Structures are given as C-alpha cells and as structure tokens.
Amino acid sequence: MENKKDDDLMEYVPYTTDSRSFIAPTKYTLFTRLFIPWQLIKFAHYNIKMLRILSKGHGRFMDE
Amino acid sequence: MARIVVLGSGFAGNTAALNLKKALGRKHEVVVISPRKHFYYIPSWIWVGVGSMKPEKTQFDLTPVYEKFGIEFKNGAAEEIHPDDADRYVSVKYNDGKTEQVKYDYLINATGPKLNFAATPGLGPDEGYSDSVCSLPHAVKTKDNFLKAVEKMKQGKRQKFVVGTGHGTATCQGAAFEYIHNLEFEIAKRGLRNMADITWISNEPTLGDFGVGGVVVRRNGNFISGKLFAESTFREKGIKWVDGAHVRNVKEGSLDYVNIEGKEGSLDFDFAMLIPPFAGIPISYIDKDGNDIKSQMCVPSGFMKVDADYTSGAKPFEEWKNSDWPKKYNNLLYKNIFAAGIAFAPPHPISKAFKAPDGTLIAPSPPRTGMASGIIGHTVALSIIDMVKNGAEEPTYSASMAEFGAICITSMGKSMTGGSAALLTMYPVIPNYDKYKFGRNLNYTFGDIGLAGHWVKYMLHYLFIWKMKGKFLWQYIPD
Ligand SMILES: Cc1cc2nc3c(=O)[nH]c(=O)nc-3n(C[C@H](O)[C@H](O)[C@H](O)COP(=O)(O)OP(=O)(O)OC[C@H]3O[C@@H](n4cnc5c(N)ncnc54)[C@H](O)[C@@H]3O)c2cc1C
C-alpha cells in the first residue's frame, strides 16, 4: 500500500505502480481553482449543492 | 415538570439543550453538565495547529448563553449514572473536588470522545512524542512545535513532517488530511517548501477512504473515486503517503508501522501530528443494587449502546446493512437515556475492516462529524419534547446516518485569495450498495476543490458559532 516511487511524485514514470492510476491537476485546473470570478460562481453553486443536501430533511422523520 | 439533563456541551449536547429549552420553556428544566464552560468550534483547530487562527476565535463562554436561555449549567464532569427509577441521578464531580447528585427524568449522553493515546505506545503530546489537534491545548502546543520546525528550516535545517492517524482503528482522517494540507500551505507560503519532507500515514485502506468507505462522484463525464481526488492533491503538493497502516509505536523522532499486507516500516520525523483513536468518556453505570452495569450499557470501547444492531459487528463487510445503524439513539434498557454525537456506539465501521497477516486490526472507525452530531442531538431533543409535552411513550423522531447526508469541507490552506478547500457532499453517509450502484446517490454526492471551498469553510466557522450562541434566528441555521 506504500507508493513505490518516492523521489518525485509529480513525475510520471511508465510501468510503475503509480503510473497505472496516475492523476495530477493540470496548470489550467490550478489556475481555475484560484481564479476569483470563477470561484464566485462556484461559491454560489456550492451553496445550492449544500442546500439540496439539507433539503433531504436531515433524514429526520417523525413516526406515523 | 420534567427535568432533562444533558451531559456535554459540544455540537450534540449544545444543539440538544438549546432546542429543548426553546420548545419546553419555563415549565420544564433543562440542565447541562460539562467540565468545560466553553463551546469549542473544533473544526477550526486545524488552523490553530499551524498558527493561522488564534485559539480564542475557536471558543466562547457558554455561561451567558445558558443564562439567557434559562438553562441551568453545572460546570463539572459526570462520573456515574444511576439509571434505575427509584434512584435516578447523575453523580457530578466539580473542579474543587465536591460532588453532587443531579436527578433527571430524561438524560442525554453527549460527552464526545476520550482521546485514547494510550492505545499506541509513545503516541500523543502528554506522555509521547507526537502532536495532536484534538484538544485546544494540544492544538496550541502543536502550533508551537510547528513554528519551531519552521524556524529550523529558516536556519537551513531540513525538516521531516509526518501527519495522519496514530492507530489502526483511529477515525477523523479528514481532520488529519486538512492538517497536512494546511501545514504544507504554511510552509510553501514562507518559501520553505524545498526544506520540508512531508509524509502522510493513515489507516485508511486506500487514500480518500476517510473512514466512510470512500466516495464516488460524477465528474467530466466519468465516475471518479475519491481516491483519485486525494491522490491528485498529494501529487500536486509533493506529499508522500503510506496508507492501510497501523502505527505500532512512536519513539522520539520515529514511528514504526505495519500495513494491511504485513509490510513493516518506519518513518523518521522532526514533527509528527497523529490523530489518536477515540474511546467513550469513562462514566460508570450503577444499578439500584449498586452493581456496575457498564457492560450492559456500553460497548467495550466505552461508547453507549443505543438502538443499533450490535450483533452485526461480528458479520463480514458484505453482510452489513443500513438497518444496523441506530435511528432514535435511545438506550434499549432505559428508554429515557439517549446518546448523541460521538458518544453513541456505532454498530461497526463504515469502511471495510482489514487485518494485517499478524492479526493487527486496521479498520478506520466511523466518523461522527459535527454535522451528524448536531442532527442527532436535535433529533433526540425532538423525541424528548414529544415525550414530555405529548406523553409519547417511545422516542418518535429518527435520524439514521443511513438516511441523512454529510457536507465535509476539507481545508487545504487558509487565505481569502490564495487558499482552498475540498468540498465533499455525500448522501447518505452510510453507503447503500443495494440501492445505489456506487453506494450513494450521485445527484447529491459531489466533490470539488478550490478557493470557494475555503470561503464556505470560513463562512461556516462564523455561522455555527452564531448558532451555538443561540443568537438571532439561530434556530433557522441548519444543524
Ligand atoms: C481537529 C478536528 C477537526 C474536525 N473537523 C470537522 C469538520 O470540519 N467538520 C465536521 O463536521 N466535524 C469535524 N470534526 C469532528 C467534530 O469535531 C465532532 O464530530 C464533534 O465535535 C462531535 O460532537 P460531540 O458533541 O459528540 O462531542 P464534542 O464536541 O467533543 O463535545 C463533548 C462535550 O462533552 C463534554 N464532556 C466530556 N466529558 C464529560 C463528562 N464526564 N461529563 C459531562 N460532559 C463531558 C465536553 O466538555 C464537551 O462539551 C473535527 C474533529 C477534530 C478533532
């Protein structure tokens, strides 16, 4: 369960344990994560997402 | 007139107490017993632990809140519960050594966890070699040690940081995950990233499990596991990881572990923050004849038994069911006693339990987050209100973790312009593979990372403190 490639985790090295499930954010992704206009939209989106979960009623039911 | 006694004033206890008093008014008494007179907003301790939030901002005095609400507050620790009708009381010990017997009609045990550092030799800041962010004094000490390591890096001394869980059955991986990212963020902010080796060690069978069996979300036309999310953040920040690991012992500057495959290893460190396993707060349960009935009231780890199916714990992962999880949180022997928040005993883990070849259990305990604790505290309060006001014979409200969702905001750096957090919502908390292909309803299960997540985390800090203070419109802020 230990990641095999210790030296530089950002590097993609073919045929290693890591390469089989390699994932890392692109520069574009990193940019959008901090780009304030986009994040303002996300902020509104997140609040809607959270309200939707809360609208499931917290699973709190009263017995019939 | 009924008297409801609430043990503990954390997320579960305080939510229950405020809702009880609001609904029951002056006709009935609500008493809160807690050894600390402050409410602690625990989720922000990860910021205290890296020095990015002042400790005072995470706590407030409950005395004026309880005065305003007309709740009686006893600043002491519950030591014994005598549950039999003829002699029904809680024995409380105050700081000055005095004791008092507090009678009750209904009792809510919301005492949270005992930090069980003793489970791993050398674990913890008091008698061991690792730090913790699970109490405020610990978080402050952790910050001091972190800043000392920062000073050393400034002097050109490379430092090794290890963050994660300190035992195979620990929970709260989410808090450790937040801490490691904030630690990395603070080091990078100071331009010292090339002086730090940062390693994650966790009992999760795979990264991103978080003790909830992992999550799958829909993203860019694919179904993606949370493992990839977690892995992506570690690669981005150059954090190494060891997963599926039980820490066998912690020594000065190093720790030994064994993993699910039986591999023994060790990690050297200059600084380690390791979350301990939790146990129930040590409270005795005594029947009318003076017999100790704790084994009937609690599971071996000391958490209180409620309406869960505890026989399911002996079954394999594949046979666990949603119906194993409690709904009403009342004790089955004494239906006027409830447990809410971390204090209730879960029937089994949520994540699959593994054993190393030598039999060492590596099984993350189920997290009972602040949100779940608030929901449960509120639900128990509603049942008691119904029993007191309308004479209901049994608890009438239910809230199973198999039927409600969770919102987890995992901070990855505290800054209003350069910070970020992972927002993860899931529904339900306990996966249901019979109903949903990936265990959860993907319309409500969602994950994303970015600055907006940090804004949400910051907003919730103030929103919840407002709610817990019982300020204007507090009751409309969701649990
Ligand atoms: C570092 C960290 C970060 C976290 N981050 C998040 C997060 O981001 N989101 C989230 O949802 N959850 C988070 N959690 C989990 C969350 O803090 C817990 O789920 C929550 O505190 C549990 O609430 P509780 O009321 O059960 O227990 P607690 O909040 O621990 O409250 C227990 C109460 O019982 C009292 N007590 C103790 N002993 C006795 C006694 N003998 N008699 C009477 N009273 C007693 C205590 O003083 C306290 O008032 C985090 C946890 C940690 C440690």
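List of remarks:
- For the stretch B:294-304, filtered to residues that are outside any loop (DSSP other than H, G, I, E, B) and within 16 Å of the ligand (Cβ to nearest atom), the residue that is most open to solvent (accessible area, probe 1.4 Å) is B:Lys294.
- Some residue of the stretch B:305-328 being within 29 Å of B:Gly122 (Cβ to Cβ), in contact (Cβ under 8 Å) with a residue 24 or more places away in the chain and in a loop (DSSP other than H, G, I, E, B): no
- Any hit, the stretch B:107-118, residues being at pLDDT 95 or above, more than 27 Å from B:Ser34 (Cα to Cα) and open to solvent by less than 30 Å² (accessible area, probe 1.4 Å): no
- Reported count of residues in the stretch B:361-384, each being buried (at least 22 other Cβ atoms within 10 Å of the Cβ), more than 16 Å from the ligand (Cβ to nearest atom) and within 11 Å of chain A (Cβ to nearest Cβ), is 2.
- Answer from B:Tyr458, B:Tyr433 - the residue that is part of a loop (DSSP other than H, G, I, E, B), surrounded by fewer than 24 Cβ atoms within 10 Å (Cβ to Cβ) and out of contact with any strand residue (DSSP E or B) (no Cβ under 6 Å at 6 or more places or on another chain): B:Tyr433
- One residue stands out among those in the stretch B:245-293 that are within 16 Å of the ligand (Cβ to nearest atom) and in a loop (DSSP other than H, G, I, E, B): the one that is surrounded by the most Cβ atoms within 10 Å (Cβ to Cβ), which is B:Pro276.
Each row is one residue, and each column tells you yes or no for (1) exposed (fewer than 15 other Cβ atoms within 10 Å of the Cβ); (2) assigned to a helix (DSSP H, G or I); (3) over 16 Å from the mean Cα position of the chain (by Cα); (4) at pLDDT below 95.
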{"site": "A:Asp7", "(1), (2), (3), (4)": "yes, no, yes, yes"}
{"site": "A:Met10", "(1), (2), (3), (4)": "yes, no, yes, yes"}
{"site": "A:Arg20", "(1), (2), (3), (4)": "yes, yes, yes, yes"}
{"site": "A:Phe31", "(1), (2), (3), (4)": "yes, yes, no, no"}
{"site": "A:Gln39", "(1), (2), (3), (4)": "no, yes, no, no"}
{"site": "A:Lys42", "(1), (2), (3), (4)": "no, yes, no, no"}
{"site": "A:Arg52", "(1), (2), (3), (4)": "no, yes, yes, yes"}
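- Within the stretch B:165-208, being away from the ligand (no atom under 13 Å from the Cβ) and either on the phi > 0 side of the Ramachandran plot or among the charged types (D, E, K, R) (or both) holds for B:Glu184, B:Glu186, B:Lys189, B:Arg190, B:Gly191, B:Arg193, B:Asp197, B:Glu204, B:Gly208.
The values are calculated or read from the model by the stated rules, or taken from the named source; none is laboratory data. Being a predicted model, the structure only gives us computed values, none of them experimental. We place every Cβ from the backbone using ideal geometry, glycine too, and count neighbours over all the protein chains shown. The accessibility values were calculated without ligands, DNA or RNA, using every heavy atom of the protein model including side chains. Shrake-Rupley method; radii C 1.70, N 1.55, O 1.52, S 1.80 Å.
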